[in-house]
Each structure stands twice: as C-alpha cells, then as structure tokens.
Amino acid sequence: MLVPVTDMLQNALKGHYAVGQFNTNNLEWTKAILLAAEEKKSPVIVGVSEGAAKYMGGYKTVAALVENLAEELNITVPVALHLDHGSYDGALKAIDAGFSSVMFDGSHYDIAENIARTREMVRITREKGLSVEAEVGSIGGEEDGVVGTGEIASPDECAAIAELGVTILAAGIGNIHGKYPANWKGLDFDALAAIRAVTGEIPLVLHGGTGIPEDMIKQAILLGVSKINVNTECQLSFAAATREYIEQGRDQQGKGFDPRNLLKPGFLAIKATVEEKIDLFGSANKA
Ligand code: 13P
C-alpha cells in the first residue's frame, strides 16, 4: 500500500535524518529504488515528474506499477508515490490516479496566487488523507522542462505557505537541479536557518540532491531538512554502467542483447546509488 509522506517525514525530523525521494523513469528504476530501500530497511519516496509520468504512459500506469511492484516484490518498508513539481492540474490527475502524495509547485506564480492555489491543494489532499509539498523561491536549473532561476526563498513567504497546513515545504536555498557548476557558491545555510526559525515544525525539502557535498547534506539535515530529492545522480550512474557494458561489447556476446541482461548493469548502478544515499541521509533501519 502506498502511504503519504507525513509520518515518515515527521519521524525523520524528530530523528535528525532525511528520507530520500528518488525519481523514477521506468520499470528498472522503480525496482532498483524499492529493492534498495527494502535492503536498507528505509522508508522511501518514489518521485515522478510530470514529464516522467507522460513518458511512462500516464499517472495511472505509474501508480499501478509502483503499487503492484511493491506488493509483488514483498516490500515491507513504507513507500510513498509523490508527484514532483506538479502543476495544479497535474496534481489533481495524479491524485485521481492513486498517488499518495503530491507536490504542487506554485513557485512560478506571484506569492498571492501561490498561496491561493496551495491553500486549495491543502484542502483537497487533506480530504483524501494525502500529503502535499509546496514550494517557495525557485530551484535553479532545469528538470523535465521545469526551469527555475535559483531564487532564495523569503522567510516571510515560507511562513505564509507553511501556515496553510502543507505537509512539507521546499524552499530555494541556492540548490540547483542537475549537476552543480564549478563556481557554485554552495547552500545558503543562513537562509535555511532563517526559514527554519519561522516555519515551526514543518519538515523541509532539499531539491537538487545530486552532487551536494556530504558535509552540506549533513548540515542541511541538522537545520531541519527531512526530505532530499535525487534524480540526476541515478541517471548518471545508469548511463555510465550501460555505456561500459556496450563499450566492452557485452551486448554482442551470447544473449547480451536481451534487455534483461543489457539493462542489468544500469539497474544495479541505480540500486547502489540509492543505497549510498540512504546511508548518507541516515534513513537506514528507520522503517
Ligand atoms: P537532481 O536531479 O539534481 O538530483 O534533483 C532532483 C530533484 O530535485 C527532483 O525534484
């Protein structure tokens, strides 16, 4: 059964660790994420962007895939299926399809409209017992067509959104989707501390988890980050392992062309990346 992120992230906040959101793209990705979480006895959030949902055949396909895989693989750890950077309409569709959690990303609107739409999304998700993530300030870079300027969130605006009763809050603190440029200034911990000070007990979300140095991850968790999103790093490890397989000519040996063999190194690479992150975030044995 898919669960909302509410309990797992409240526990993470109290226990000073973070739960990873790992974005999926297909069957192999989903299996790798679920099996890694099970082996590590960690709660897990399977993230799906609108673009990935479209690629995978729509929200219903994704919801059925994740729910059925969790059952057939005998996954016992809590699994949430969360829409990543959802539009208002996308979030409604994901909810209808059976997602247990949605992000409504209203950061592209002015704050009044972000507040109005987020308030409505809180009402809808509450009625259905689901969790909802909101965003203030934007995450830099691009993910599946969602482009952000990397604006640092205003603590006042964060407080106004947190007060609406959202389950979790993503605030821009200099984080970026994709690889960090060599001249990246790092996370803005003063901004994070200021946001924490005015948002009460709400678990905070750190997007752009790929390539953030370990000490910054740990510091962010100490300052109230309870959910960390990772997408690009799994894509990079999948691509590198697949490239190696092909470059070694293994697809041309025996049944090496069979997708069950061809995609296996990539699958194992994603699983290893997820396990590494679970250890770093401190959520192993917390299920
Ligand atoms: P990365 O692709 O940088 O890991 O970011 C993932 C993310 O924030 C998903 O919303």
Inset, instruction - Restrict the check to region 175-187 and report whether at least one residue is aromatic (F, W, Y), under 20 Å from the mean Cα position of the chain (by Cα) and modelled with pLDDT under 95. - result: yes
Inset, instruction - Restricting attention to helices (runs of 4 or more DSSP H) lying wholly within region 172-275, give those where 1 or more residues are within 16 Å of the ligand (Cβ to nearest atom) and of a type in the set (V, I, T). - result: 214-222, 232-247
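Residues checked against (1) in contact (Cβ under 8 Å) with a residue 40 or more places away in the chain; (2) more than 27 Å from M56 (Cα to Cα); (3) within 16 Å of the ligand (Cβ to nearest atom); (4) not β-branched (V, I, T):
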site	(1), (2), (3), (4)
D110	no, yes, no, yes
E113	no, yes, no, yes
R119	yes, yes, no, yes
I124	no, no, no, no
V136	no, yes, yes, no
A159	yes, yes, no, yes
Inset, instruction - Starting from residues that are free of Cβ contacts under 8 Å to residues at least 60 places away in the same chain and in contact with a Phe, Trp or Tyr (Cβ under 9 Å, 6 or more places away or on another chain), keep the ones in region 69-94 and report whichever is surrounded by the most Cβ atoms within 10 Å (Cβ to Cβ). - result: L83
Inset, instruction - State all residues of region 63-90 that are within 16 Å of the ligand (Cβ to nearest atom) and under 15 Å from the mean Cα position of the chain (by Cα); if no residue qualifies, say none. - result: A80, L81, H82, L83, D84, H85, G86
Legend entry - Among the candidates V66, V5, V48, residue that is crowded, with 18+ Cβ neighbours inside 10 Å, farther than 25 Å from G172 by Cβ and touching a residue at least 12 places away in the same chain (Cβ under 8 Å): V66
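The values are calculated or read from the model by the stated rules, or taken from the named source; none is laboratory data. Keep in mind that what you see is a predicted model, and the values were worked out from it rather than measured. Cβ coordinates were reconstructed from backbone atoms using ideal geometry, including for glycine residues, and neighbour counts include every protein chain displayed.
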